[in-house]
Amino acid sequence: MKVAIVQNHEEKSQVVAQKLREMLKKANIKIDDQRPELVISIGGDGTLLSAFHRFNHRLDEVSFLGVHTGHLGFYTDWRDFELEELVDSLSSNRGKSVSYPLLDVRITFLDGKPDKHFLALNESTIKRGNRTMVADILIKDELFERFRGDGLSVSTPTGSTAYNKSVGGAVIHPSINAFQLAEIASLNNRVFRTLGSPIVIAHTEWLEVKLQDSKDYLVTVDQLDIEQDNIASVYYRIADERIHFASYRHMHFWRRVKDAFISEG
């Protein structure tokens, strides 16, 4: 097995990463940062998101595993003091993997510039600088509503527990192959109306957010900020690709939700 390690810049993560490298070497597990079969992130969920974007061109060949240096997150199954158990698992059993849906994001432009394409593990948002954002929302090329407000959040099922939840979106189990649109501070009165509720869109359908001509839009894809002039539309659909997590000890989704939002301590 070939393993890559991605850690954040915190001192604790750096120490844990070095310790893990030494333990993997002793177990005769090869470190390969270019063409790994398994990517281990050390830090938190943000570090795993960074690892995903670094290796998302090899999703058909690689699986991911997260080691948290704080508390367990939505993508991290191991703690930093469990390295010996982790290495033993890697050495004795290659294990199976569990896969989650990803969001396909495509940005088109007014000036004929080539489209930009991204994959999101959590979500993508669209916002405008300091004015109300106005956009037509189309589902399967049919106008659904004209949105006015602060912005929009489009999330995957696993990303439904992130920004989406904070703006009133539903938490969706990742076995459901769908994505979710949530409004951010929509403007609703007797003149302007939107649905005002999050909507879940099937993997067989696609979403287009057609923007008014402006130069102050900000599109995010997970932790990446994409500031571009002359954006015409942003298209969303469930990606053909999926992310695979090594399931040596993969925690049940609803247990993650309970631990994150309900359980004490």
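The values are calculated or read from the model by the stated rules, or taken from the named source; none is laboratory data. These numbers were taken from a predicted model, which means no experiment stands behind them. Virtual Cβ from ideal backbone geometry, glycine too; neighbours counted across all protein chains shown. These accessible areas exclude ligands, DNA and RNA; they are computed on the full protein's heavy atoms, side chains included. Shrake-Rupley method; radii C 1.70, N 1.55, O 1.52, S 1.80 Å.
Fully extended, how many nm does the chain gain between R249 and Q223 (0.36 nm per residue separation, minus their Cα-Cα distance)?
6.7 nm
Expected output is a single nm value to one decimal: the length gained when fully extending between S99 and Q212, i.e. 0.36 nm times separation in residues minus the C-alpha distance. What is it?
Extending this stretch completely gives an extra 37.0 nm.
In nm, give the distance between the simple-model label positions of A185 and E10, each being 7 Å from the Cα along the Cα-to-Cβ direction.
3.0 nm
Given only helices, namely DSSP H runs of n ≥ 4 each adding -39500 (n - 2.57), what is the per-residue ellipticity at 222 nm of the chain, to the nearest 500 deg cm²/dmol?
It comes out at -5500 deg cm²/dmol, rounded to the nearest 500.
Could you work out the local net charge near D32, counting Lys and Arg as +1, Asp and Glu as -1, over the other residues with Cβ closer than 14 Å to its Cβ?
Net local charge, D32 excluded: +4.
What are the semi-axes of the equivalent ellipsoid for the range 1-134, taken as the square roots of 5 times the Cα gyration tensor eigenvalues, largest first, in whole Å?
Semi-axes (√(5λ), whole Å): 33, 17, 13.
Rounded to a whole number of µm²/s, how large is the Stokes-Einstein D of the chain at 10 °C and 1.306 mPa s, given Rh as the Kirkwood radius over C-alpha pairs?
For these conditions, the coefficient is 81 µm²/s.
Say a paramagnetic label sat at a point 7 Å from the Cα of S91, along Cα to Cβ; which residues of the range 231-265 have their backbone N under 19 Å from it?
248-249
For the chain, which whole-number percentage of the solvent-accessible area (1.4 Å probe, protein heavy atoms only) is attributable to carbon and sulfur atoms?
47 percent
Output the relative contact order of the range 50-105, whole-number percent, from Cα pairs under 8 angstrom with separation of 6+ residues.
Rounded, it is 20 percent for the range 50-105.
Quick one: give the max-minus-min coordinate of the C-alpha atoms of the range 123-206 along each principal axis, largest first, in Å.
39, 27, 22
Taking the Cα centre of the range 1-82 as origin, sum charge times position over the Cβ atoms of Lys and Arg (+1) and Asp and Glu (-1), and report the length of that vector in debye to the nearest 20.
280 debye
Leaving out ligands and nucleic acids, and using a 1.4 Å probe, what accessible area per residue does the range 60-139 come to in Å²?
On a per-residue basis, 44 Å².
Charges only on Cβ, +1 for Lys and Arg, -1 for Asp and Glu: so what's the dipole of the chain about the Cα centre, in debye to the nearest 20?
With Lys and Arg at +1 and Asp and Glu at -1, about 220 debye.
Starting from the Cα of K12, draw a straight line to each of the aspartates and glutamates and keep only those under 18 Å, dropping any in the same chain fewer than 8 residues away.
Excluding near neighbours in sequence, the set is E22, D45, D77, D80, E82, E84.
Quick one: dipole size for the range 29-176, taken about the Cα centre, charges +1 on Lys/Arg Cβ and -1 on Asp/Glu Cβ, in debye to the nearest 20.
Roughly 580 debye for the range 29-176.
How many percent of the alpha carbon pairs in the range 168-265 exceed a separation of 22 Å?
Of all Cα-Cα distances in the range 168-265, 51 percent exceed 22 Å.
Stretched out fully, how many nm does the piece from E61 to E82 gain, at 0.36 nm a residue minus the Cα gap?
5.0 nm
Is there a pair in K2/K96; K127/K165; K140/K165; K165/K215; K96/K258; K2/K116 whose C-alpha atoms are over 20 Å apart, and which pairs would that be?
Check vs 20 Å cut-off fails for K140/K165; K165/K215; K96/K258; K2/K116.
Give me the one-decimal nm value for the distance between modelled label points at R106 and D141, 7 Å along each residue's Cα-to-Cβ direction.
With each label placed 7 Å out from Cα toward Cβ, I get 1.2 nm.
Pick from D225, D60, D111: which is most flexible by mean-square fluctuation in a GNM of the chain where alpha carbon atoms under 10 Å apart are linked?
Greatest mean-square fluctuation among the candidates belongs to D111.
Which is farthest toward the positive dipole end of the range 85-165 among L86, T108, S160, measuring Cα position about the Cα centre, with Cβ charges +1 (Lys, Arg) and -1 (Asp, Glu)?
About the Cα centre, the residue reaching furthest to the positive side is T108.
Which is farthest toward the positive dipole end of the range 199-238 among I231, Y217, A202, measuring Cα position about the Cα centre, with Cβ charges +1 (Lys, Arg) and -1 (Asp, Glu)?
A202
So what is the relative contact order for the chain, in percent, with contacts set as C-alpha pairs under 8 Å and at least six apart?
20 percent
Springs between alpha-carbon atoms under 10 Å, Gaussian network over the chain: tell me which of E61, E142, E183 tops the mean-square fluctuations.
Checking each option, the largest mean-square fluctuation is seen for E142.
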